[in-house]
1. When you scan segment 71-85, do you find a residue that is β-branched (Val, Ile, Thr) and modelled with pLDDT under 90, even just one?
2. Out of Leu93, Leu145, I need the residue that is part of a helix (DSSP H, G or I), surrounded by fewer than 20 Cβ atoms within 10 Å (Cβ to Cβ) and in contact (Cβ under 8 Å) with a residue 24 or more places away in the chain. Which one?
3. Return the total of residues in segment 67-106 being hydroxyl-bearing (Ser, Thr, Tyr) and under 30 Å from Gly123 (Cα atoms).
4. Just to be sure before I move on: is Thr247 of a type in the set (S, T, N, Q), out of contact with any Lys or Arg (no Cβ under 7 Å at 6 or more places or on another chain) and exposed (fewer than 14 other Cβ atoms within 10 Å of the Cβ) in the structure I sent?
5. What number of residues within segment 28-53 are surrounded by 14 or more Cβ atoms within 10 Å (Cβ to Cβ), of a type in the set (Gly, Ala, Ser) and at pLDDT 75 or above?
6. Hey, does segment 187-203 have a residue that's assigned to a helix (DSSP H, G or I), within 16 Å of Phe155 (Cα to Cα) and among the hydrophobic types (A, V, I, L, M, F, W, C)?
Amino acid sequence: MNLIAVKTIFRFEMARFFRTIAQSLISPVLSTSLYFVVFGAAIGSRIQEVDGVSYGAFIVPGLIMLSVITQAISNASFGIYFPKFIGTTYELLSAPVSFLEIVAGYVGAAAAKAMFIGVIILGTSFVFVDIQIAHPIAMVLFLILTCLSFSLLGFIIGIWASNFEQLQLVPLLVITPLVFLGGAFYSISMLPPLWQTISLFNPVVYLISGFRWSFFGAADVPIGLSLMAIAGFTGLCLLVIGWIFKTGWRLRQ
């Protein structure tokens with residue numbers, strides 16, 4: 001593997017992140033803090049505990065997942081879309097680098113940005129609530145896998161998008177509703193039986209449930225299913241990206 005190429009792409013993307021630090025970091029942290037204030041204070045005063053955990057602490061994993069998923073998709077999609085937009089994709093494709101090195105550079109940078117934001121938000125949450133992390137290694141593992149898998153999805157969206165409107169279409173109309181309906185602010189056990197069954201078809205439920213288990217040792221679905229779901233999703237994204245580079249779909253437009 002051409003590590004120089006991977007390092008160059010990675011450093012370029014990270015430099016762009018720090019050039020726009022207000023938009024890239026401060027904005028999501030402030031937004032999450034507002035969620036803590038609104039949901040933790042307003043709703044938390046009416047819902048004292050969920051599964052034996054204070055409501056303010058209960059929503060922390062869901063808020064982290066919401067920010068991490070959104071940022072991973074946004075950074076990865078824009079990172080690969082912008083070279084398409086200005087026409088430098090051809091230089092990248094003609095360079096002596098493989099598609100694995102291109103993906104590693106862009107996806108690695110997007111995952112690192114999302115991971116960084118997730119850690120900052122986790123640190124911010126200690127200001128608002130008292131949190132005990134039951135399985136810290138599992139928490140880090142879930143966070144890394146989530147950052148990687150949704151960065152891969154963002155990479156696919158960036159290649160698929162033909163304009164800036166399409167770049168925001170999937171995150172706004174698909175991903176964000178799935179996260180909100182995936183148990184970010186509630187346990188699916190609180191729903192009627194029919195809606196509990198319907199919720200199990202939402203793939204984000206397995207991510208949030210597994211991540212919440214790493215904090216509190218309790219989950220809506222078995223931890224094994226959560227790991228299988230995120231591993232399967234990551235594998236599917238890799239297969240799609242491999243097919244894209246093999247066929248050149250949307251890369252040479």
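1. Taking segment 71-85 first, the residues β-branched (Val, Ile, Thr) are 73, 80.
Pick out the ones that are also modelled with pLDDT under 90 and you get none.
No, segment 71-85 contains no residue that is β-branched (Val, Ile, Thr) and modelled with pLDDT under 90.
2. On the way: Leu145 fails: surrounded by fewer than 20 Cβ atoms within 10 Å (Cβ to Cβ).
Matching residue, one of Leu93, Leu145: Leu93.
3. Just the residues of segment 67-106 that are hydroxyl-bearing (Ser, Thr, Tyr), to begin with: 67, 70, 74, 77, 81, 88-90, 94, 98, 106.
Subset that is under 30 Å from Gly123 (Cα atoms): 67, 70, 74, 77, 106.
Result for segment 67-106: 5.
4. On the way: of a type in the set (S, T, N, Q): yes; out of contact with any Lys or Arg (no Cβ under 7 Å at 6 or more places or on another chain): yes; exposed (fewer than 14 other Cβ atoms within 10 Å of the Cβ): yes.
Against the criterion (of a type in the set (S, T, N, Q), out of contact with any Lys or Arg (no Cβ under 7 Å at 6 or more places or on another chain) and exposed (fewer than 14 other Cβ atoms within 10 Å of the Cβ)), Thr247 qualifies.
5. Going through segment 28-53 one residue at a time, the tally reaches 2.
6. If we filter segment 187-203 for residues that are assigned to a helix (DSSP H, G or I), which is where we start, we get 188-190, 193-199, 203.
Still in the running and within 16 Å of Phe155 (Cα to Cα): none.
For segment 187-203, residues assigned to a helix (DSSP H, G or I), within 16 Å of Phe155 (Cα to Cα) and among the hydrophobic types (A, V, I, L, M, F, W, C): absent.
The values are calculated or read from the model by the stated rules, or taken from the named source; none is laboratory data. Please read all numbers here as calculations on a predicted model, not as lab measurements. Quick reminder, even Gly has a Cβ in these numbers, built from the backbone with ideal geometry, and neighbours come from all protein chains shown.
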